[in-house]
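The values are calculated or read from the model by the stated rules, or taken from the named source; none is laboratory data. It should be emphasised that the depicted structure is a prediction, and the values quoted were computed from it without experimental measurement. Note that we place each Cβ from the backbone using ideal geometry, even for glycine, and neighbour counts take in every protein chain shown. Surface accessibility is based on the protein's heavy atoms, side chains included, excluding ligands, DNA and RNA. Shrake-Rupley method; radii C 1.70, N 1.55, O 1.52, S 1.80 Å.
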Amino acid sequence: MAIIENALGKPVAELFAQFSTEPMASASVAQVHAATLHTGEEVVVKVIRPGIEKIIQQDIKLLFTIARLLEKYLPDGRRLRPVDVVDDYQHTVLDELDLQHEGANTSQLRRNFENSELLYIPEVHWDFTNRHVLTMERIHGIAVTNIDELKASGVNMPMLAERGVEIFFTQVFRDSFFHADMHPGNIFVSREHPERPQYIGIDCAIIGSLSDSDQYYLARNLLAIFQRDYRLVAELHVECGWIPADTRIHEFESAIRSVCEPIFEKPLGEISFGQLLVYLFQTARRFEMEVQPSLVLLQKTLLNIEGLGRELYPQLNLWDTAQPFLEQWLKDRYAPRGIYKRFSKHIPGWLEQLPHLPDAIMNNLQQSKQFQSISEHQQKTIEQLSLQINRQQRRPYLGIIALLLALAAAGPWLPEQIQQLPEISWAAIALTAIIWLKR
């Protein structure tokens, strides 16, 4: 209560009509209390534990020390990029300590799924929120792990499992803004419309995002795996820089095939897509595939989603749910409307730069001329240096050549044994010397 009063600048009794001093839930970083606003709205108040940031900073320093040792001494150290992974984790966990940041993530995710049948995100009350305190709408639902109550409420379990997968791919590919902490404690199911169940998501502290290129290559890779086009999978790994450019494509393709084919021979419902990704990464290790820190959160979240879906509905076929979604996403991306949408984001910037285009062209032309002039001067300098080096290399031989020419000219005065050399030999000596001097 003291933290709340210091953070919001008012007594708890003035801020809330009711406030429960007993926490509803408690974890390592924060705890949550139930409260009621003076307007009558039920809310939950999340409070950061005092002194937790100092403890986390000490832990992160230790992680960096271990990561540097691994990168230096472990054979796979550089490929696994442990320092980059810890750095990425540092940003993630420090963001968890900023409840205003979590509130912003929550508002964005709520906006992305506004009026959606798939996912409901509670509203943030910004007048009662800052870095140390987060106040948001209280939700009432069934914990996703309470399978018995879900079934007793008549929830459509196959649809619930499939909608979980659909929500994940929608966040990743449509929005590039996905909840990356989807463990069961953060997921509930609405009691309304059990035949068309709706998820409720909380705790949006950890959010993942992908660049346009990561989205594209990930979608293409996943579709190629679904279609068992191993050649394309290998080519895409090289094209996007996940493995070295000098990798032999046919060898990598063969390695991927040896992993995937035994798995695909099973019924689709028995195939774990997350486990398949793990096998693929283990195979790619032979080809020096580096860990991509931007994809670590995605891989973790995908494993969580698939595991949760299988728990809700063991016959869940992630492939049937994911493949049509990815095919439609790629189709929309390259449809005229999708291309125009991507172009329209850049049009204002292009128009802003348009008046400066003539100056930029002239500057480039002048730089090109200067570069050409410098290149010609450098070429002449190189030629002169080459000539000087050549002359210096020939200098030791000039004395020998001069001696041979002198011998050829002084033939009649030489000893009788040397005079007996045929005239053609003297001519050859003289000719050789002249040719050498002209080189």
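Specify which of the listed residues (249, 305) is surrounded by 12 or more Cβ atoms within 10 Å (Cβ to Cβ), of a type in the set (Val, Ile, Thr), modelled with pLDDT of 75 or more and within 17 Å of residue 233 (Cα to Cα).
That would be 249, the only listed residue that is surrounded by 12 or more Cβ atoms within 10 Å (Cβ to Cβ), of a type in the set (Val, Ile, Thr), modelled with pLDDT of 75 or more and within 17 Å of residue 233 (Cα to Cα).
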>> Of everything in the range 123-158, what is more than 19 Å from residue 106 (Cα to Cα) and of a type in the set (D, E, K, R)? Give them in sequence order.
In response: 148, 149, 151
> Taking the range 77-119, which residues are hydroxyl-bearing (Ser, Thr, Tyr), under 26 Å from residue 42 (Cα atoms) and not in a loop (DSSP other than H, G, I, E, B)?
Replying inline: 106, 107
> Of the numbered conditions (1) at pLDDT 95 or above; (2) of a type outside the set (Gly, Ala, Ser); (3) over 24 Å from the mean Cα position of the chain (by Cα), residue 66 satisfies every one except a single condition; which is it?
Replying inline: (3)
> Restricting the search to the range 92-116, which residues are in contact with a Pro (Cβ under 9 Å, 6 or more places away or on another chain) and either acidic (Asp, Glu) or open to solvent by 20 Å² or more (accessible area, probe 1.4 Å) (or both)?
Replying inline: 110
>> Restricting to the range 1-40, and then to whatever is part of a loop (DSSP other than H, G, I, E, B) and in contact with a Gly (Cβ under 9 Å, 6 or more places away or on another chain), can you tell me which residue is farthest from residue 123 (Cα to Cα)?
In response: 27
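Take the range 308-336 and flag every residue that is in a helix (DSSP H, G or I), open to solvent by less than 30 Å² (accessible area, probe 1.4 Å) and of a type in the set (A, V, I, L, M, F, W, C). Steps first, please.
Restricting attention to the range 308-336, the residues satisfying the condition of being in a helix (DSSP H, G or I) are 308-312, 318-334, 336.
Still in the list and also open to solvent by less than 30 Å² (accessible area, probe 1.4 Å): 308-309, 312, 318-319, 322, 326, 330.
Once the filter is applied, which keeps residues that are in a helix (DSSP H, G or I), open to solvent by less than 30 Å² (accessible area, probe 1.4 Å) and of a type in the set (A, V, I, L, M, F, W, C), the range 308-336 yields 308, 312, 318, 319, 322, 326, 330.
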>> Whether any residue in the range 289-297 is crowded, with 20+ Cβ neighbours inside 10 Å, touching a strand residue (DSSP E or B) at 6+ places or on another chain (Cβ under 9 Å) and in contact (Cβ under 8 Å) with a residue 12 or more places away in the chain is what I want to check.
In response: yes
> Looking only at the range 171-227, which residues are touching a strand residue (DSSP E or B) at 6+ places or on another chain (Cβ under 8 Å) and charged (D, E, K, R)?
Replying inline: 191
> Under 7 Å by Cβ, and 6 or more places apart or on different chains, what pairs join a residue from the range 177-192 that is under 20 Å from residue 32 (Cβ atoms) with one that is open to solvent by 50 Å² or more (accessible area, probe 1.4 Å) and polar (S, T, N, Q)?
Replying inline: 182/304; 183/304; 184/145
> strands (runs of 3 or more DSSP E) wholly in the range 120-216 with at least 3 residues that are open to solvent by 30 Å² or more (accessible area, probe 1.4 Å) and either modelled with pLDDT under 95 or not charged (D, E, K, R) (or both) - which ones?
Replying inline: none
>> Every residue in the range 218-243 that is open to solvent by 40 Å² or more (accessible area, probe 1.4 Å) and either at pLDDT below 90 or of a type in the set (Lys, Arg) (or both), please.
In response: 220, 227, 228, 231, 239, 241
